[in-house]
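Here's the structure we're looking at; comments come further down.
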Amino acid sequence: MSRVRHLRLHGRGGEGVKLAAHVVSRAAFLAGHTVQDSPLYGAERRGAPVVAFVRFGDGEIHERGYIVMPDAVVLMDVSLLAHPEAAVLDGLDHASVLLANSRHTADELKRHYGIPARVVSLDISSIALELLGHPLLSAPVAGFVTKALGIAPWETLAEAVRIELQAIGLARELIEQNLRATRRAFDESPLVAWGERAPSAAAAGAAPFVVPRLPARLSAPSMTVEATSALRHTEGWRVYRPEIERARCTRCFLCFALCPEGAIQLDGESYPVVDYEHCKGCLVCVSECPPKAIHEIREETA
């Protein structure tokens, strides 16, 4: 019986979840595997939870759809662990592995969030910020995953990175920068042994299960309750946070007017104040501030 490996990638819109899955699946394909790569599309926006799936093996793949029982979960943003609805830990057990982009150690993550799987952590964000200048995670995360799971050697992964980044129109210089970040993540990642889980029904040759068609009111529900955005805190989305230098602020109101989330308010003296519970770290305010009174600070606590 051919063995199919199941990877589920979780992150937020704008972090490159789909592209990371493409690079990993391309590397697996170039290494001689049969591959299936399928991101989950929906009403995503920047910062919203995003999921992608990669299946690969040494024979035909007859499965489709959501990966319920992953061999490995790739977590590009650990803030998702604080939101059960993101379903990051669904289907994990002692035989599976969680690969996390985090400053925290594997033991800290496992204890704090009660993760049942084996955990491996690597601070990909710091690698990307150091070598790329921005939290561009796709290629270095692929380096982490490909090395940790033994999917392909470096030369094969490098070819996959070049193919995928050229396909999205990235300039040669930026591709080379991404390759340096990917190589750093690849070199710093440990090699993790795959756990052995029972094969899925599809892999075992069982009759496929077809999900019945849902009525529109269930498959595309409407939201009719007001103030739902206020209830959803987004501080965990940030890599950088804006900090306002009051002494330089001219009270021009541009940051207040241009904040896409309405996370900047005016105090009694008309100075802007950031609502950090709802600031997602887009930094529009930093780029648009005429007197440069707003600075980006690396987030430590959000």
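Bear in mind these aren't lab numbers, they're just calculated from the coordinates by the rules spelled out. Computed from a prediction, not measured in an experiment: that's the story for all the values here. FYI the Cβ positions are ideal-geometry reconstructions off the backbone, even for glycines, and counts take in every protein chain you see.
Below is a table of values for the structure above.
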read-out	value
Magnitude of the charge dipole, the stretch 1-126, Cβ model with Lys/Arg +1 and Asp/Glu -1, debye to 20	160
Tilt relative to the chain, helix 154-167 - C-alpha long axis, 0 to 90 degrees, to 10	60
Check: the stretch 61-196 dipole with +1 on Lys, Arg Cβ and -1 on Asp, Glu Cβ, in debye	180
Gaussian network model of the chain, springs between alpha carbon atoms under 10 Å - residue of R64, R246, R180 with greatest fluctuation	R246
Simple Cβ-charge dipole of the chain, Lys/Arg +1 and Asp/Glu -1, about Cα centre, in debye nearest 20	460
Between helix 17-30 and the chain: long-axis angle, C-alpha atoms, 0 to 90°, nearest 10	30
Antiparallel DSSP beta bridges within the chain, percent to nearest 5	65
Linear extension gain, D187 paired with E261, 0.36 nm per residue minus alpha-carbon span	22.8 nm
Relative contact order, percent, the chain [alpha-carbon distance under 8 Å, six or more residues apart]	15
The chain, helix-only ellipticity at 222 nm - DSSP H runs n ≥ 4, -39,500 (n - 2.57), divided by all residues, nearest 500	-8500 deg cm²/dmol
Value of Rg to Rh for the stretch 228-298 (Rh from inverse mean 1/r over Cα pairs, i.e. Kirkwood)	0.94
Cysteines, the chain, no other Cys beta-carbon under 4.7 Å	C249, C252, C259, C279, C282, C289
Packing rank of 168-174, 274-280, 55-61, where each peptide gets the mean count of other beta carbons within 10 Å, highest leading	274-280, 55-61, 168-174
FRET efficiency for E176 and V225, using Cβ-Cβ distance with R0 set to 35 Å, rounded to 0.05	0.10
Identified option (computed percent of Cα pairs over 38 Å apart; candidates (1) 8; (2) 12; (3) 20)	(3)
Nearby lysines by direct alpha-carbon distance to K147 (threshold 22 angstrom, same-chain neighbours under 8 apart not counted)	K18, K110
